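Quick notes on the structure that follows.
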Amino acid sequence: MALNGTALVYPQQAKPRGDYLCPECLSVVDLHKAGENHRPHFSHRADVSRICSPETVEHKTAKMLIADCVRRQRENIVVRRECCWCERRVAVPLDERVNGATVEHRMANGIIPDVTLLRDGEPIIFVEVWMHHRVPSEKASAMSNWLEVRAGDILREPLRWTPVVDKLAAEKPECDKCARRWAAIERHRAEHEERKRIQRAELEEWERRRQEELRRQVEEERRRAKEAESREFHDRQSVLRDAATGWLYILRSVVEYSLNPKGELIRSLQKQGMVVVAPYAKCPRLVKVNITDAGRLSLEAGLT
């Protein structure tokens, strides 16, 4: 490649009789068309004393090509970054904030990146071109949001950058395969969570019904206990009432018997086993009466 003004030109695209300069030494180079044994290429003139190293020219050309592509075709540049889950490459567009580029611009901290991508004149991304040596650790630590690409890759595909070192601040992308896999995992996880939610709901419903059944049983037991207590109370009242009635009845009978030992009432009660009358031998007018009502009430009465 050679410079035509400030633009880089490929030999295949160069026009004859143009003014072309070497990107490294800025001396005039001539265009040679394709022949039987060679491809189109640029070469220094014979009177040039300094012959540039092909490696140096390649490195310089790659840097200038990156800056030129950013200025002319920024929207067509893609960066082939590694997937955040695997090692597959994912093509993502260059940061849309980039609107300019400069080569070997010295920064305030003294470092000189190979290419500096600008946003309204302010550096936001640094690009290093790898020829033989990686970026030194001191330089790497002084830069942020940067990447390193191979010079040969840039010369072959200037619009497709494949970083060998990716220190861009933006999160790494996700390839389609990993995206589908994680989507399936998330879908299975969501289905599992839904099943767990349904199971929890069913368990809560079962527990609610069990608690309601327990409360119903407790309330039923309490109701039955109250009914039993009420029946027992009424039975006890009835027994006491009947006993009191029988007691009065017996007392009246005793009185009648005392007044009339041959009375029919006391004799009928004796036959029914409701009273036991035991007259004292020494005093027939004095009797001892035992009154029993269903084994609940026992009274002794004496009357002179």
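We did not get these values from a lab; they are worked out from the coordinates using the rules stated. This is a predicted model, so every value here is computed, not measured. Ideal geometry is used to build each Cβ from the backbone, glycine not excepted, and the neighbour counts take in all protein chains shown.
Backbone amide hydrogens, once placed in the peptide plane, bring Tyr20 within less than 5 Å of Val29, excluding anything fewer than 5 places away on its chain. Dipole check for segment 73-174: with +1 at the C-beta of Lys and Arg, -1 at the C-beta of Asp and Glu, and the Cα centre as origin, the magnitude is about 200 Debye.
Close amide H partners of Arg88, meaning residues 5 or more places away or on another chain with modelled amide H under 5 Å apart, are Cys83.
Remark: segment 138-189 carries a charge dipole of roughly 280 debye about the Cα centre, counting +1 on each Lys and Arg Cβ and -1 on each Asp and Glu Cβ.
Counting only residues at least eight positions apart within a chain, or on another chain, the aspartates and glutamates with an alpha carbon under 15 Å from that of Lys177 are Glu82, Glu87, Glu186. If you take all other residues with their beta carbon under 9 Å from the beta carbon of Val90, and give Lys and Arg +1 and Asp and Glu -1, the sum is +2.
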